[in-house]
Amino acid sequence: MALKKIPIIPQYEVERIRKIHHEGKAKEDFHNLFAGEYIGDIVYGANDGIITTFAVVAGAQGAHLSHNTVILLGLANLAADAISMASGNFLGVESENEILDAKIKNRTDLSPSKSSGITFLGFILAGSIPLIPYVFFENTSMTFETSIVMVVIALIGLGFLRGAVTAKHKVKTMIETVFVGGVAALAAYSVGYWGDKILSN
C-alpha cells in the first residue's frame with residue numbers, strides 16, 4: 001500500500017498562521033475582559049454621566065442662568081449622581097452575588113468595589129465633557145453649541161464602543177445612543193426655557 005504523502009508547510013506560512021492565532025486570541029481576551037464583566041458598568045456610567053450633566057446644562061441654558069450657575073449646577077450633578085450611581089451599583093452587585101451564591105456553589109463573584117469604581121469613573125470622565133466649554137469660555141450661544149458638538153461626538157464614540165464589544169451593528173448603537181441623549185437634552189432645555197418664561201411673568 002502506498003503511503004500518503006504529507007504536504008510540507010513552508011516556514012513563512014507557519015509563522016503567518018501562528019501570528020493570526022495570537023492576534024485572534026488577543027482580540028478574544030480583550031473582548032472577554034470588557035464585554036464579559038465590566039462593559040455594562042462602563043457604558044452605564046459614561047452614558048448616564050453625559051446625558052444627565054448635559055441635561056442640567058441644557059436646562060440652565062434654556063432658563064438663561066448665569067455662567068457660574070451653569071458650572072455649579074453641572075459640578076453638583078456630577079458629584080451627587082456619580083456617588084449615587086456608584087453606591088447603587090455596589091449594593092446591586094453585592095446583592096446579586098449573595099443571591100447567586102445561595103443558588104450556585106463554587107461560582108466566581110463579581111467585585112462590587114471594582115464594578116462601582118468603574119461606574120463612578122465612567123460617570124465623572126464622560127459627565128465632565130458638557131462642562132468643558134463653560135470652564136474655558138464665556139457663557140455665550142457659541143459655548144452652548146460647542147458643548148452640544150462635544151456631547152454628540154462623545155455619544156457617537158460611546159455608541160461605537162457599545163456596538164464593538166456587544167457585536168451589534170455599530171451604526172445602530174451609535175444612533176440609539178445619540179437619540180436617547182438628544183431626547184433627554186431637549187426635554188431639559190424645554191423645561192428650563194418654558195419654566196423661565198412662565199415664572200418671569
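Brief remarks follow.
- 3J(HN,Hα) along region 154-168, derived from phi through the Karplus expression 6.51 cos²θ - 1.76 cosθ + 1.60 where θ = phi - 60°, amounts to 5, 5, 5, x, 5, x, 5, 4, 4, x, 5, 8, 9, 6, 9 Hz, with x in place of Gly and Pro.
- Three semi-axes describe the equivalent ellipsoid of region 88-183; taken as square roots of 5 times the Cα gyration tensor eigenvalues and ordered largest first, they are 35, 18, 9 Å.
- The ranking of Y38, Y193 from fewest to most other beta carbons within 10 Å of each one's beta carbon is Y193, Y38.
- Working note: Cα gyration tensor of region 36-196, eigenvalues times five, square-rooted, sorted largest first, giving semi-axes of 33, 18, 12 Å.
- If the chain linking V135 and V171 were pulled fully straight, counting 0.36 nm for each residue of separation and taking away their Cα-Cα distance, it would gain 9.8 nm.
- Likely footprinting exposure, T52, T173, fewest C-beta neighbours within 10 Å first: T173, T52
- D196/S84 FRET efficiency (R0 25 Å; Cβ-Cβ; nearest 0.05): 0.40
- Long-range HN-HN contacts of A63 with modeled amide H, under 5 Å: Y193
- Ordering V135, L72, G122 by the projection of their Cα atoms onto the charge dipole of region 36-196, which places +1 on the Cβ of Lys and Arg and -1 on the Cβ of Asp and Glu, puts G122 at the extreme positive end.
- This ranking places H67, H169 by how few other beta-carbon atoms lie within 10 Å of each, fewest first, which gives H169, H67.
Every read-out reported here was derived from the displayed coordinates using simple, explicitly stated rules and does not represent laboratory data. Source: prediction; values computed, not measured. Reconstructed Cβ throughout: ideal geometry from the backbone, glycine too, with neighbour counts over all protein chains shown.
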